């Protein structure tokens, strides 16, 4: 596949800008996504190749502009929905419910 | 790209809400145990990181027999120090020498040796690094403040889901009398990715 993830050699991506003293996670939700990935992976819901392929199927513009752990969120959510562990309606419903509560 | 910071913040809020929703549903369904989740995150935030890889490098600098094992069977030699596991199942160590400098990338995604280096920094997973290091490694090195003599060969290794690379940096001059613990403090994360070199004696340092 030569999708947008196949970045090696591409021009025009700009400077690298390494961040000094970078934290392991940049937001609480990134920490949660990492933990959920490990536990659902260990639970046998998907394998590494399926996970990577789910990232590679992201919309290319979304892939390039989103933070890294959003790729993981997208892949994990897609695979858990595909396997029937979650439904889109459940997720939407829970988001609407949580939005009304304080974080 | 979103036009304003407000757009970005709104999107990030939406992502955070989505994550909370998925987390609560998975816990409710018994598919994820909160205690296991917390333990995993804590392990990768506090226990597993470049200090592990630095011990491997320092041992290789001080123990020629270990270095020989590390270069011929990295996975086995690293396991001697206890740094095995997920995303470190098949390791290759590439040695920097006076004539060769090695760099590591994962052009397709983010493959990285977790047991020795921890989770990768954002720049390692970013489009600019992945795109450029394979066609302009010296330009990338300059951006990291490393300027190599033109006659030094630069080799760039592309990691994959099965195989992960670790760079064995050159031991800095003036460190002959130092023990492994003191040497490990000179070994930065970037030196083991190849976007840096080991710190000079007396300097120490991160990243």
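Straightening the chain between residue B:43 and residue B:153 buys 35.9 nm, computed as 0.36 nm per residue apart minus the Cα-Cα spacing. Separation of region B:38-66 and region B:145-192, taken as the distance between their Cα centroids, equals 14 angstrom.
Residue exposure proxy: A:48, B:41, ordered by other Cβ atoms within 10 angstrom of their Cβ from fewest to most, comes out as A:48, B:41. Taking Cα atoms only, the orientation of helix B:5-28 departs from the longest principal axis of chain B by about 80 degrees.
In terms of its alpha-carbon gyration tensor, the protein assembly as shown comes out prolate; a/c meets the 1.5 threshold, and the first ratio a/b outweighs b/c.
Using C-alpha pairs under 8 Å with a sequence gap of at least 6, the mean separation divided by the residue count of chain B gives a relative contact order of 23 percent.
Starting from the Cα of residue A:64, move 7 Å in the Cα-to-Cβ direction to define the label point; list residues of region B:97-111 whose amide nitrogen is under 20 Å from there. Within reach of a label on residue A:64, which here means backbone N under 20 Å from a point 7 Å along Cα→Cβ, region B:97-111 contributes B:106-110. Listed by Cβ neighbour count within 10 Å, with the fewest neighbours leading, A:11, B:101, A:45 appear as A:11, A:45, B:101.
Per residue of peptide A:61-67, the mean number of Cβ atoms on other chains within 10 Å of the residue Cβ is 3. Seen against the Cα atoms of chain B and their longest principal axis, helix B:50-62 is set at about 10 degrees.
Among A:52, A:65, the ranking by other beta carbons within 10 Å of each residue's beta carbon, starting with the fewest, stands as A:65, A:52.
For chain A, averaging the sequence separation of C-alpha pairs within contact (under 8 Å, six or more residues apart) and dividing by the residue count gives a relative contact order of 29 percent. Label point of residue B:99 set 7 angstrom out along Cα-Cβ; within region B:137-160, amide nitrogens under 16 Å from it belong to B:149-155.
Taken together, the values in this text are just the output of simple stated rules run on the coordinates, not laboratory data. Keep in mind the model is a prediction, meaning the values are calculated, not measured. All Cβ positions, even for glycine, are placed from backbone atoms using ideal geometry, and neighbour counts span all protein chains on display.
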